[in-house]
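Below you'll find the structure, written out as C-alpha cells, and then a few comments.
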Amino acid sequence: MQWLSSANDTAPALPAVWLIATQAQPANLPERAELRRSLARKVLARQFSLAEDAVEIGHEPAGRPLIVSPHGSGLHLSLATREGLVAIALAHQPVGVDVEQVALASEPPLAVLHPDERSWLEGLPASARPLVFAQLWSAKEAYVKALGTGFARAPESFAVQLDGTGRFTVGDEQDGRHASGFIQLTKNGGHETMAAAFVMLD
C-alpha cells in the first residue's frame with residue numbers, strides 16, 4: 001500500500017491512496033464534491049495515461065463512486081474531502097478512504113463509539129483523546145465506505161482497534177466480517193492535523 005501526495009504522482013502498484021493538500025475552502029457539499037471529483041479525474045488520467053476529459057466518474061445508487069470511463073478497468077475507487085484535503089483511493093478490491101480533522105479543542109463524542117473503543121479512549125489522558133478519536137472515526141468511515149453502505153448502520157455496531165504502528169483492524173460481529181487498514185497523519189493546506197484511513201476488503 002502506498003501513500004502519495006500529489007495529483008501528478010502515479011502509483012507503480014495498487015492499492016494506493018493520494019492525500020492531496022489544497023488551499024481550497026469549499027463552502028458546501030456540492031463544492032466539496034466538485035473538488036474531489038476534479039482531483040480524482042486528474043489522478044485517474046495520469047494513472048491511465050489519458051486526457052482528463054476521457055475520465056468519467058459516476059456513482060452507485062447508495063453513493064459510492066465508480067469509474068465509468070475508461071470502461072472495464074476493474075478498479076475500485078473511494079473519495080473523501082475534509083478542510084481542503086482530498087483523499088483518493090484506488091484498488092483492485094472494494095476500498096474505502098476517509099479523512100478527519102483532529103479537533104484538539106473539543107471533547108470527542110464517545111457515545112458514537114463501540115463499547116471497546118469507548119473504554120479505550122476513556123482510559124487515555126484527555127489531551128490524547130482528540131487524535132485517537134479522529135483516527136478511529138476515519139477508520140470507521142473508511143470501512144463503511146468500503147462496504148458501500150455508509151453509516152446506514154450504527155457506528156457503535158463494529159469496533160476498530162489501532163495497533164500504534166499505522167495499521168488497524170475492524171471487528172464486525174454483525175456481519176461476521178474482519179478487515180484491516182492503514183492510518184496516516186498529514187496536514188491540509190491550512191496546516192491543521194488530519195487523520196486519514198484506508199480500508200480494502202478481501
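Just so you know, all these numbers are worked out from the coordinates, no wet-lab data involved. Small disclaimer: the values here were computed from a predicted structure and weren't measured. As a convention, Cβ positions derive from the backbone with ideal geometry for all residues, glycine included, and neighbour counts pool all protein chains shown.
Here are some notes:
- Note that region 23-36 has calculated 3J(HN,Hα) couplings of 8, 5, 10, x, 8, 7, 4, x, 5, 5, 5, 5, 4, 6 Hz, one per residue in order, obtained from phi through the Karplus relation 6.51 cos²θ - 1.76 cosθ + 1.60 (θ = phi - 60°); glycine and proline are x.
- Electrostatic dipole magnitude of region 1-111 [Cβ: Lys, Arg +1; Asp, Glu -1; Cα centre; debye, to 20]: 180
- Take every pair of alpha-carbon atoms less than 8 Å apart whose residues are at least six positions apart; their mean separation over the length of the chain yields a relative contact order of 20 percent.
- Spherically averaged projected area of the chain from its Cα convex hull (nm²): 11.2
- Computed over region 58-173, relative contact order equals 22 percent, with contacts defined as Cα pairs under 8 Å that lie 6+ residues apart.
- Region 145-202 and region 81-102 have Cα centres lying 10 Å from one another.
- Calculated P(r) tail over 20 Å for region 106-202, as whole % of Cα pairs: 34
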